[in-house]
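Q: My questions will all concern the structure given below.
The values are calculated or read from the model by the stated rules, or taken from the named source; none is laboratory data. Since we're looking at a predicted model, the values are computed, not measured. All Cβ positions, glycine included, derive from the backbone under ideal geometry; neighbour counts span all protein chains shown. The accessibility values were calculated without ligands, DNA or RNA, using every heavy atom of the protein model including side chains. Shrake-Rupley method; radii C 1.70, N 1.55, O 1.52, S 1.80 Å.
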Amino acid sequence: MSDESNAPAVMTFEVLKAAVRDGAAARLGRLALAGRKTVIDTPNYFANTSRGTVPHVTPDNISKHLQTGGAYMALEDFIEKPQQYSTRRPPIYDTPTPVPPAKALHNFTAMPPSVITILGARRLPAVPSPMGNSNKSVSVFTSTGFQVLATDEYQAAVQALKPDIAVPLADLTNHTMTPTSKRALRMAERTDDWIKAWFAEQDAVNAEANPTTRVSTFAPVLPINYSIQWEYLERLAEDHFHSLSGLAVYDPDVLPDIASGYPDLLKLPQLSLAAPVTPHHVLRQITLGIDVFVLPFINAVSDSGVALTFSFPPPPSQSTTNPNNEKTGTPGILPLGIDMSSTAHQTDLSPLVDSCTCYTCTSHHRAFIQHLLSAREMLGWTLLQIHNHAVMANFFAGIRQSLSSSSTTTDEEDNEFTKACAAFHTLYEPELPAGMGERPRARGYHFKSEGGKEKSGEKGGKRNKPAWTKFDDEKVTATGQQSSQPPN
């Protein structure tokens with residue numbers, strides 16, 4: 001990272017190229033952190049972490065091989081309280097921070113200094129809680145189970161850990177079902193109250209803080225109708241605008257309404273916490289005005305043994321070839337990735353993607369990756385993670401180049417970016433492939449929290465296979481029936 005003496009005292013966001021139409025639309029931008037020389041060109045993405053690290057990738061390899069400029073972390077990953085040590089102070093709060101610009105969150109996670117840290121209360125996606133939230137707390141899911149996180153406790157954690165960006169608490173259900181109108185109204189009212197308390201304290205802290213340790217606030221935009229949360233958004237636009245650094249958007253479909261009602265809020269960077277599940281969803285959210293993404297699906301496809309193969313702009317249709325050398329479900333349609341656990345790759349000495357210049361593709365071949373996954377070697381998932389992050393970095397670089405080349409004088413339907421998006425939707429399959437290989441051992445928060453149901457995989461069995469089984473006469477067969485053969 002460069003010398004920080006000339007870094008801005010507050011976070012700045014500059015729109016480099018305005019949208020073709022007024023309101024919420026795709027745009028080029030540049031994000032600069034307070035007290036840092038780190039600059040993020042947008043649209044872009046941040047890595048999604050698990051317990052403070054990018055899964056399968058050590059901090060030194062994040063610096064060497066990943067091109068992500070930021071990492072999203074969840075406080076619930078660090079504040080577990082086992083029953084036998086219920087009064088114990090979480091170790092992350094005792095992290096030594098010698099002198100600024102050292103920050104506790106960076107020090108505890110060993111995250112490279114060049115990587116921006118974004119702290120939220122819940123993981124992305126969050127496991128729904130059976131307890132729900134209260135007027136002064138939210139329910140979080142730690143490694144030892146559900147517990148209550150008070151609003152003042154969360155704010156104290158932000159002040160102690162000093163992330164680069166903090167997302168204040170929002171009253172979210174974290175369910176796929178649309179909340180009732182009564183519940184949605186309560187979500188808006190609680191979040192409004194929490195935001196008022198947040199800025200009452202955070203503004204005073206930032207006023208006295210060194211610019212290198214100042215925390216930037218991305219206020220949450222709730223996943224409910226604009227008509228229910230307009231008063232909350234009005235408060236953001238009129239009372240807290242000068243204290244805001246950006247918006248954390250849980251539903252990008254609200255952005256066109258915000259553009260009509262409070263256009264000043266769109267001058268801020270828009271961080272998507274809506275967890276798009278495919279690159280098609282990413283492109284759609286970009287057209288709505290999202291600048292930065294947190295993408296959980298990268299970790300999911302790496303765990304499933306899938307190597308991403310798409311690119312933007314997409315290749316010309318007449319020159320396309322299936323990267324798996326197999327027939328796809330629809331003629332002329334390319335898959336978004338290939339399942340590297342397939343035995344078809346056992347003797348394939350080609351890289352994952354011929355044009356990819358990542359460490360995995362330039363140093364190893366498909367047969368080696370397939371062998372590692374079959375043997376359940378951790379290196380297999382590490383190499384896939386490095387490759388998949390490189391594909392996403394090139395994907396966003398292509399988007400920025402396409403937006404830069406698009407003319408603002410033509411109709412939206414005729415500019416280069418819109419045409420490239422249409423070609424991408426036409427050329428690639430709508431869903432990411434489901435890897436058939438065995439995944440890494442799952443932790444508790446990988447499961448859905450549903451009362452009365454076992455933690456199970458797709459076929460109803462336990463997701464984690466037992467490391468040891470009974471031998472010979474007590475052996476259980478693949479069908480679940482006990483072996484009837486007598487011992488030798």
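Q: How big is the dipole moment of segment 51-201 about its Cα centre under a simple scheme where the beta carbon of each Lys and Arg is +1, that of each Asp and Glu is -1, and everything else is neutral? Debye, nearest 20, please.
A: It comes to approximately 220 debye.
Q: Next up: Using R₀ = 45 Å, calculate the FRET efficiency as 1/(1 + (r/R₀)^6) where r is the Cβ-Cβ separation of residue 238 and residue 378; round to 0.05.
A: So, using R0 = 45 Å, E works out to roughly 0.30.
Q: If you don't mind, another one. Just want the answer: with Cβ charges of +1 for Lys and Arg and -1 for Asp and Glu, which residue in 59, 113, 131 is farthest toward the dipole's positive end in segment 16-155?
A: The Cα lying farthest towards the positive end belongs to 113.
Q: Still on this model: Which three semi-axes in whole Å describe the equivalent ellipsoid of segment 180-259, each the square root of 5 times a Cα gyration tensor eigenvalue, listed largest first?
A: 25, 13, 10
Q: Take residue 60 and residue 365, extend 7 Å from each Cα along the Cα→Cβ direction, and tell me the distance between the two endpoints in nm.
A: It works out to 2.9 nm between the two label points.
Q: Quick one: if the Förster radius is 22 Å, what FRET efficiency do residue 18 and residue 67 give, using the C-beta to C-beta distance and rounding to 0.05?
A: 0.25
Q: Given the Cα-Cα distance of residue 431 and residue 182 and 0.36 nm per residue of separation, how much length would full extension add, in nm?
A: Taking 0.36 nm per residue and subtracting the Cα distance, the gain is 86.2 nm.
Q: Take the solvent-accessible surface of the protein heavy atoms, probe 1.4 Å, and return the percent of it on segment 21-98 that carbon and sulfur atoms account for.
A: The value for segment 21-98 is 46 percent carbon and sulfur by accessible area.
Q: Provide the FRET efficiency to the nearest 0.05 for the residue 10-residue 83 pair, computing r from the beta carbons and using R0 = 56 Å.
A: Rounded to the nearest 0.05, the efficiency is 0.80.
Q: Under a 1.4 Å probe, what is the accessible area of segment 157-289 per residue, stated in Å²?
A: Result: 39 Å² of accessible area for each residue.
Q: Quick one: accessible surface of residue 419, probe radius 1.4 Å, all protein chains present, in square angstrom to the nearest 10.
A: Around 120 Å² of this residue is reachable by solvent.
Q: Report Rg/Rh for segment 129-254, rounded to two decimals, where Rg is the Cα radius of gyration and Rh the Kirkwood radius.
A: 0.96
Q: Output the pairs from 17/162; 64/103; 17/196; 81/162 with a Cα-Cα distance over 25 Å in this structure; if there are none, say none.
A: 17/162; 17/196
Q: Let me ask another. Rounded to the nearest 20 Debye, what is the dipole magnitude of segment 49-120 about its Cα centre when Lys and Arg each give +1 and Asp and Glu each give -1 at the C-beta?
A: For this selection, approximately 80 debye.
Q: Still on this structure, please answer the following. Please give the contour-minus-distance gain from residue 205 to residue 277: 0.36 nm per residue of separation, less the Cα-Cα distance, rounded to one decimal in nm.
A: 22.2 nm
Q: Can you give me the C-alpha center-to-center distance between segment 53-94 and segment 110-146, rounded to a whole angstrom?
A: Rounded to whole Å, the Cα centres lie 11 Å apart.
Q: Dimensions of segment 73-165 along principal axes (Cα, Å, largest first)?
A: Principal-axis extents of segment 73-165 (Cα, largest first): 40, 28, 21 Å.
Q: Only bridges whose two residues both fall in segment 231-382 count here: according to DSSP, what percent of them are antiparallel, nearest 5?
A: Approximately 40 percent, going by the DSSP bridge assignments.
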